[in-house]
Each structure stands twice: as C-alpha cells, then as structure tokens.
Amino acid sequence: MACDELLVHGRDIADGWAQPFDPDRDLCARVVARLFPWAPRTVDPWDALRWANGRIALPDHPRLSSDWAWHSAPLIEWDGQRPTSVEAPDSYTWNPTTRRWRPT
C-alpha cells in the first residue's frame, strides 16, 4: 500500500511542481497485481494503477468512484469481486485454527 501511495501521490507532487513523473512500469505492474487483482492487465501498468485508484478512465473501464479499495489481505483470500470502501469491515479477529484474520 505504501508503494501505491508513493506512486500516486508522487505524481500529484510532480504535477504541483510542473515536473515530469514517469514511474517504473514493472513496479506499477507489481503493485497492481498485489493490491488490485481485478484491474485490467492489457493496458500500461501505470494507467492501470491510476485507474484502480479512481484517477482516470480507461477504454471499456469507466473511472471508479471514490469508494474504491485495496485488497490488502493475502491474495489467496480474494473472492474475485472488486471490494469497495463501503464494504470494508471495521474490525478483524484472529482465527488460530485457520491462522487468518477474519472480519467481525
């Protein structure tokens, strides 16, 4: 999540100083794959990252509303749906049997 924040807000800072910002595409692709597994993979990784953060629209992918969310849990726990911030739980409990955190 820190990489996502640094990339997206690094662009904001660069724009504020009227400076170019061209992040490493491999890094962008890795951030997208880890935090936004539903994001399109057929576009430039930087564009996919900005789309996943609700910053831009992509062909066949309208701009996301402000309810976008990361998938910060292990990828094995992703249910195949795009989460939203409205659905994000307020708290979690540890299940010692499964050794996983679960929403409460």
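Below, the figures for the structure above:
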| item | result |
| --- | --- |
| Among (1) in contact with a Phe, Trp or Tyr (Cβ under 7 Å, 6 or more places away or on another chain); (2) modelled with pLDDT of 95 or more, the one test that W51 misses | (1) |
| Wholly enclosed helices (runs of 4 or more DSSP H) of segment 1-94 bearing at least 3 residues loosely packed, with under 15 Cβ neighbours inside 10 Å | 2-16, 25-35 |
| Qualifying residue in segment 63-85 (condition: among the aliphatic types (A, V, I, L, M), within 15 Å of the chain's Cα centre (by Cα) and over 24 Å from P103 (Cα atoms)) | yes |
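The values are calculated or read from the model by the stated rules, or taken from the named source; none is laboratory data. Only a predicted model underlies this, so the values are computations on that prediction, with no experimental measurement involved. A quick note on method: Cβ atoms are made from the backbone with ideal geometry, for glycine too, and the neighbour counts reach across all protein chains shown.
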